[in-house]
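Since the structure comes first, as structure tokens, the remarks are kept for the end.
Just so you know, all these numbers are worked out from the coordinates, no wet-lab data involved. Keep in mind that this is a model prediction, so the values were computed, not measured. Here the Cβ positions follow ideal geometry from the backbone for every residue, glycine too, while neighbour counts run over all protein chains shown.
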Amino acid sequence: MTRKTKEKKTARIDIGIDKDDRRAIADGLSRLLADEYTLYLKTHNFHWNVTGPMFNTLHLMFETHYNEAALAVDAVAERIRALGFPAPGTYRQYASLSSIDETDGVPEALEMVRLLVKGHESCAKTARSVFPLADQAHDEPTADLLTQRLQVHEKTAWMLRSLLE
């Protein structure tokens, strides 16, 4: 296969960010995607299984959270693709990349809240860890995405934490 044929097959990406920087950012976003998806699954699980006096409040709150998370995983995965790399998409990949542990069994309602606070804080820390890479590469779209994710996770952690006081 000639170089010209190969270039037609794989279009060259020329967005002002070199390939090594795009790869480092995509790797960081892959960790964020794994955290976001793991938190999505945990939140959806808790939505289905919450019980107790706070059932209605938590059931509805968790539904709002997992719906927001479903949109977020798509945005993060699409940014990885825009940078020219495949987005992870299997449970095995997410398990190896995520900083969020799975929860065995069905915890009681307030423990669910504690675990979700921890999950949102983990997502915020992961997003924050990618920010310097995006900033250094002048990757404003990724920086904007990270800022949005930080706002959501920090606010959600605060709201959930308020239920514990």
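The stretch between E68 and K118 holds 16.3 nm of extra length on full extension. This uses 0.36 nm per residue minus the Cα-Cα distance.
In this rough spin-label picture, where each label sits 7 Å from Cα along the Cβ direction, the D101-E78 distance is 3.5 nm. Footprinting exposure proxy ranking of T38, T147, fewest other C-beta atoms within 10 angstrom first, gives T147, T38.
Straightening the chain between R92 and D14 buys 24.9 nm, computed as 0.36 nm per residue apart minus the Cα-Cα spacing. Taking other C-beta atoms within 10 angstrom as a stand-in for reagent exposure, D21, D135 fall in the order D135, D21, fewest first.
For segment 82-128, the Stokes-Einstein estimate of translational diffusion at 20 °C and a viscosity of 1.002 mPa s comes to 170 µm²/s, using the Kirkwood hydrodynamic radius over alpha-carbon pairs.
Spatially close Lys pairs in the chain, defined by Cα atoms under 21 Å apart and a spacing of eight or more places or different chains, total 9.
Taking the number of Cβ atoms within 10 Å of each Cβ as an exposure proxy, the fewest-first ranking of M61, M112, M159 is M159, M61, M112. Near V152, once Lys and Arg are set to +1 and Asp and Glu to -1 for all other residues with Cβ below 11 Å from its Cβ, the sum equals -1.
From the P(r) of segment 80-165, can you give the percent of Cα pairs sitting at distances over 14 Å? When every Cα pair of segment 80-165 is considered, 71 percent fall beyond 14 Å. Relative contact order of the chain, taken over Cα pairs closer than 8 Å and 6 or more residues apart, is 30 percent.
The alpha-carbon positions of the chain define a convex hull whose volume is 112 Å³ per residue.
Roughly what % of Cα-Cα distances in segment 33-100 sit above 15 Å, to the whole percent? Roughly 57 percent, rounded to a whole number. Stretching L163 away from D27 to a fully extended chain increases their span by 45.5 nm, per 0.36 nm per residue minus the current alpha-carbon distance.
Per-residue ellipticity at 222 nm computed for the chain from its helices equals -26000 deg cm²/dmol, with DSSP H segments shorter than 4 residues left out and the rest contributing -39,500 (n - 2.57).
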